[in-house]
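Notes follow the structure.
The values are calculated or read from the model by the stated rules, or taken from the named source; none is laboratory data. Please read all numbers here as calculations on a predicted model, not as lab measurements. Neighbour counts are summed over all protein chains in view; Cβ atoms, including those assigned to glycine, are modelled from backbone coordinates with ideal geometry. Only protein heavy atoms, including side chains, enter the accessible area calculation; ligands, DNA and RNA are left aside. Shrake-Rupley method; radii C 1.70, N 1.55, O 1.52, S 1.80 Å.
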Amino acid sequence: MDQARQWLRDARRIAVLTGAGVSAESGIPTFRGDGGLWRQFRAEDPATAEAFSANPKLVWEWYNWRRGLIAAANPNPAHLALVTLEQRVPAFTLITQNVDGLHSRAGSTNIVYLHGDIWTVRCLACGVSRKEERPQLPELPPQCQCGGLLRPGVVWFGEGLHQDRWRAAEQATRDADVFLIVGTSAVVMPAGGLAALAKRGGAKLIEVNADATWISDTADCSLRGPAGSVLPHLIED
Ligand code: BV8
Ligand code: ZN
């Protein structure tokens, strides 16, 4: 931990990649852990365009349930520690796979939303994208003024990431002196490949995760424990 703390103190450019584990202590279930989100749902994967076109109401019920959970949740000390870290270094990029918006509610500013934002909806007909922050939508599936069907503004499996966001994430990762990867199983691609990109760019790789992951062995320092308690220690002076 001391070595990792020193690397963070000396770093001028820091890139962070977060996953569902950073929001776990806010009460939001992760995806693949026990009790994970994908388990509670039926066999087919709800986060795909196919599932949505087959049954938009069912997929919206899942998102409505998650919106309710997230609206009732608050940022936890892990989110807040990343806000403090951002204020300390000249170049800081927070790359997140999470769609819950808790990083911005905590006060982070330079955020790259790789997988979109659950508080945004987009019309399949006219393409308009807008914020929709009512936790539970009154009618499912929601309709656009134009009469078209609204979808959640997230990136589903099989959908490409927004190119400008992916490029920003790659650039920040390549440039980083320290790459901090927090609360992600790094299974989902291409986000999960950023750790290797950081190493190739010469960054020190620090992992914070409750469990070991497939990248733990390649990390320069892999800290085991809940992000809500590890991160505040990691950044304390
Ligand atoms: C794409 C939004 C191509 C929706 C999500 C290789 C290259 C490219 C694609 C693929 C590839 N191989 C396979 C693919 C397809 C697919 C993929 O990766 N599949 C996986 C399952 C193998 N990838 C895609 O489809 C991507 N698209 O590249 O398509 C393309 C290119 C051009 C044009 C067309 C197509 C799109 C992926 C985005 C999917 N959308 N979410 C929504 O959320 O509703 S993914 C979903 O998983 C969430 O975003 C989530 O954040 C993300 C990753 O999961 P994690 O965040 O890591 O969460 P997980 O539960 O897995 O892990 C939690 C971790 O926290 C655990 O390690 C746990 O130990 C730890 N933890 C728990 N508690 C704590 C903790 N740590 C610390 N403290 C704690 N308290
Ligand atoms: Zn429309």
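Scan around V128 for amide H atoms under 5 Å from its own, H built in the peptide plane at 1.01 Å from N, and keep only partners 5 or more places away or cross-chain.
When sequence neighbours closer than 5 places are left aside, the close amide H contacts are C123.
Farthest toward the dipole's positive end in the chain, which of I181, V59, N76, given Cβ charges of +1 (Lys, Arg) and -1 (Asp, Glu) about the Cα centre?
It is V59, whose Cα lies furthest towards the positive end.
Starting from the Kirkwood Rh over alpha-carbon pairs, what translational D in µm² s⁻¹ does the chain have by Stokes-Einstein at 20 °C and 1.002 mPa s?
Numbers: Rh = 18.3 Å.
For these conditions, the coefficient is 117 µm²/s.
Roll a 1.4 angstrom probe over the protein heavy atoms and tell me the percent of accessible area of the chain that is carbon or sulfur. Don't skip to the answer; put the middle values down first.
On the way: 5500 of 10650 Å².
With neighbouring chains kept in place, the figure for the chain is 52 percent.
Tell me what the chain gives for mean residue ellipticity at 222 nm when only DSSP H runs of n ≥ 4 count, each as -39,500 (n - 2.57), the sum divided by the residue total, rounded to 500 deg cm²/dmol.
Details: 9 runs with 81 residues, N = 237.
Estimated from H runs of four or more residues: -9500 deg cm²/dmol.
Under a straight-distance cross-link criterion of Cα-Cα below 16 Å, which aspartates and glutamates are reachable from K204, leaving out those fewer than 8 residues away in the same chain?
D2, D10, E170, D175, D177, D217, D220
Over the Cα atoms of segment 187-237, each weighted equally, I'd like the Debye log10 I(q)/I(0) at q = 0.21, 0.28, 0.29 Å⁻¹, rounded to two decimals.
For segment 187-237 at q = 0.21, 0.28, 0.29 Å⁻¹, log10 I(q)/I(0) is -0.81, -1.12, -1.14.
Can you report the principal axis dimensions of segment 113-189 using only the alpha carbons, biggest first, rounded to whole angstrom?
Extents along the principal axes, in whole Å: 48, 23, 21.
Say each of A72 and E159 gets a label point 7 Å from the Cα, pointing the same way as Cα to Cβ; how far apart are those two points in nm?
2.6 nm
Tell me which aspartates and glutamates have Cα within less than 20 Å of K131's Cα, excluding those fewer than 8 residues away on the same chain?
Within the straight-line limit of under 20 Å, K131 reaches these aspartates and glutamates: E61, D100, D117, E139, D164.
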